[in-house]
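Asks: First, the structure itself, so that you have it in front of you.
The values are calculated or read from the model by the stated rules, or taken from the named source; none is laboratory data. Quick caveat: nothing in here was measured; it's all calculated off a predicted structure. FYI the Cβ positions are ideal-geometry reconstructions off the backbone, even for glycines, and counts take in every protein chain you see. All accessible areas refer to the heavy atoms of the entire protein, side chains included, with ligands and DNA or RNA removed. Shrake-Rupley method; radii C 1.70, N 1.55, O 1.52, S 1.80 Å.
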Amino acid sequence: MSAAFEVSNANWFERAKAVIPGGVNSPVRSFRSVGGTPYFVASAEGAHVIDVEGRRYIDYVQSYGASILGHAHPKVIEAIRAAALDGTTFGAPTEREVLLAEAIVGRIGGVDQVRLVSSGTEAVMSALRLARGATGRAKIVKFAGHYHGHSDSLLAAGGSGVANQGLSGSAGVPDAAVADTVVAPFNVVPALDADTAVVVVEPVAANMGLVEPEPGFLAALRAECDRVGALLLFDEVITGFRLAHGGAEEWSGVRPDLWCFGKVIGGGLPVGAFAGSRDVMAHLAPLGPVYQAGTLSGNPLATAAGLAALAELDRGAYEQLCTTAARLADGLAAAISSAGLAVQVPRVGPLVGLFFTDAPVRNFDDANAAAQNGRYAPFFHAMLRRGVALAPGAYEAIFPSLAHTDAIIDETVAAAEVAAAEVAAALD
Ligand SMILES: *Cc1c(COP(=O)(O)O)cnc(C)c1O
């Protein structure tokens, strides 16, 4: 670049677009659905990110839930630094892989064994192969609006960026790859048949905004899986170690056969995991015939960061997260509705959602109607101008962290009052 390069979000975005498709390494980061130029993060601390122009934002993206302690937590940073000094990858087993697996086994009822991978996508993709290998069946059932990473067979009717970009699935996925994928509406128990290997569900849907399972839904889904001998997979890449100390199993009382984790368990570094009973996991190589592998799986830095994060997440931490989330949800609902805008701010434990609509959102159709009514984008920008960063898409959840103090929540709510009034005024 020439010496004349001036540091700004816009200039970095231009440079990015020249060498990275769309300027981003994950489509959810682009501002395509809200318009405008993404801010380029230079650094972050606690509840805040700071962009390359020096602007500070209260951050509710928090790496889509990966940073539950807030950014650059000193204990996580120290753990990574210490681990790095011992070497970053070996291709041989290490102590911290065992400790992280033990931490997961120790907290999630029903999990006997864990296999670590490097992303949520990889975890779900591998768990599906395991489910198919263990049952000898091909068919998988997923729910509309649930996101399970970007593997071929699961993009159909995906939430998050798939929905955000207005896609029903993806080009480049051959019909054969989805021939055994059945998509069902969330919150209705599908009638399964004996060809079904596995039903994959986000136990609390957090990739089409936030949609709670209706009372009894997960238990009834468990019973329907048992009736036909299908496995039940909880994709807990968001809810794991966030919804509650013991995740969705503790929260719902329903025990799946397989679990997937990601985001929180990496402490901000790339980690995913899939887990299950000893019997199911015994189908995996090297014990069994289901192959799965990874050069960087169980990476020393990533396991160090994950262990440091989990060490902070005691029961008190979840109480604090719930209290913070309630303050935020109540505040946002009051601020936005007082401006005369129809709004729903669902909250499930520490997770918060935001829909500009009158009626509760129960499934993907409801979520689409709310996401596509044109309210989210102007509200997003009005908040961003006031130093509050929500996700640049209407299908994402809001992720308050342990670093979001009451004062920061109150600052957010005050911004929302003005932002909502501005959006309402532009409608008149
Ligand atoms: C984020 C997410 C994934 C994919 O994880 P990546 O690390 O982005 O590959 C899968 N399932 C759910 C529920 C997620 O929220």
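Asks: Output the residues belonging to segment 116-153 that are in a loop (DSSP other than H, G, I, E, B), over 18 Å from Tyr395 (Cβ atoms) and within 11 Å of the ligand (Cβ to nearest atom). Outline the logic, then answer.
Replies: Filtering segment 116-153 for residues in a loop (DSSP other than H, G, I, E, B) gives 118-119, 136-138, 144-151.
The next check asks that each one be over 18 Å from Tyr395 (Cβ atoms); those that pass are 118-119, 136-138, 151.
Passing the criteria: Ser118, Ser119, Ser151.
Asks: Considering only residues that are assigned to a helix (DSSP H, G or I) and surrounded by fewer than 17 Cβ atoms within 10 Å (Cβ to Cβ), which ones fall in segment 17-39?
Replies: Of everything in segment 17-39, those that are assigned to a helix (DSSP H, G or I) and surrounded by fewer than 17 Cβ atoms within 10 Å (Cβ to Cβ) turn out to be Lys17, Ala18, Val19, Pro21, Gly22.
Asks: A follow-up question, please. Between a residue in segment 97-115 that is on the phi > 0 side of the Ramachandran plot and any residue that is at pLDDT 95 or above and part of a helix (DSSP H, G or I), which pairs come within a Cβ distance under 7 Å, given they are 6 or more apart or on different chains?
Replies: Correct list of pairs: Gly110/Glu249.
Asks: Filter segment 176-192 for residues that are open to solvent by 60 Å² or more (accessible area, probe 1.4 Å) and more than 14 Å from Ala144 (Cβ to Cβ); which is modelled with the highest pLDDT?
Replies: Out of the qualifying residues, it is Ala191.
Asks: Among the residues of segment 62-86, which ones are open to solvent by less than 60 Å² (accessible area, probe 1.4 Å), within 13 Å of Leu307 (Cβ to Cβ) and over 23 Å from the mean Cα position of the chain (by Cα)? Quick ask: steps written out before the conclusion?
Replies: Restricting attention to segment 62-86, the residues satisfying the condition of being open to solvent by less than 60 Å² (accessible area, probe 1.4 Å) are 62, 64-73, 76, 79-80, 82-84.
Of the ones still in play, those that are also within 13 Å of Leu307 (Cβ to Cβ) are 69, 73, 76, 79-80, 82-83.
Passing the criteria: Ala79, Ala82, Ala83.
Asks: How many residues, within segment 222-256, are closer than 20 Å to Ala184 by Cβ, surrounded by fewer than 24 Cβ atoms within 10 Å (Cβ to Cβ) and more than 16 Å from the ligand (Cβ to nearest atom)?
Replies: Summing the residues that are closer than 20 Å to Ala184 by Cβ, surrounded by fewer than 24 Cβ atoms within 10 Å (Cβ to Cβ) and more than 16 Å from the ligand (Cβ to nearest atom) in segment 222-256 gives 9.
Asks: Ok, one more. Yes or no: segment 272-281 includes at least one residue that is over 22 Å from Cys322 (Cβ atoms), away from the ligand (no atom under 13 Å from the Cβ), open to solvent by 10 Å² or more (accessible area, probe 1.4 Å) and among the acidic types (Asp, Glu).
Replies: Looking through segment 272-281, at least one residue is over 22 Å from Cys322 (Cβ atoms), away from the ligand (no atom under 13 Å from the Cβ), open to solvent by 10 Å² or more (accessible area, probe 1.4 Å) and among the acidic types (Asp, Glu).
Asks: If you don't mind, another one. Could you tell me which residue of segment 288-302 is surrounded by the fewest Cβ atoms within 10 Å (Cβ to Cβ), considering only residues that are part of a loop (DSSP other than H, G, I, E, B) and in contact with an Asp or Glu (Cβ under 8 Å, 6 or more places away or on another chain)?
Replies: Kept after step one, since they are part of a loop (DSSP other than H, G, I, E, B), are these residues of segment 288-302: 288-289, 291-299.
After this cut, where a residue has to be in contact with an Asp or Glu (Cβ under 8 Å, 6 or more places away or on another chain) as well, the list is 294, 298.
Details: Gly294: 15, Gly298: 24.
So the residue we want is Gly294.
Asks: Would you point out the residue of segment 15-69, among those that are out of contact with any strand residue (DSSP E or B) (no Cβ under 6 Å at 6 or more places or on another chain) and among the polar types (S, T, N, Q), that is farthest from Thr412 (Cα to Cα)?
Replies: In this case the residue turns out to be Asn25.
Asks: Helices (runs of 4 or more DSSP H) wholly in segment 184-287 with at least 2 residues that are free of Cβ contacts under 8 Å to residues at least 24 places away in the same chain, of a type in the set (Asp, Glu) and touching a Pro at 6+ places or on another chain (Cβ under 8 Å) - which ones?
Replies: Working: elements: 217-228, 247-252, 278-281.
Per the criteria, no element qualifies.
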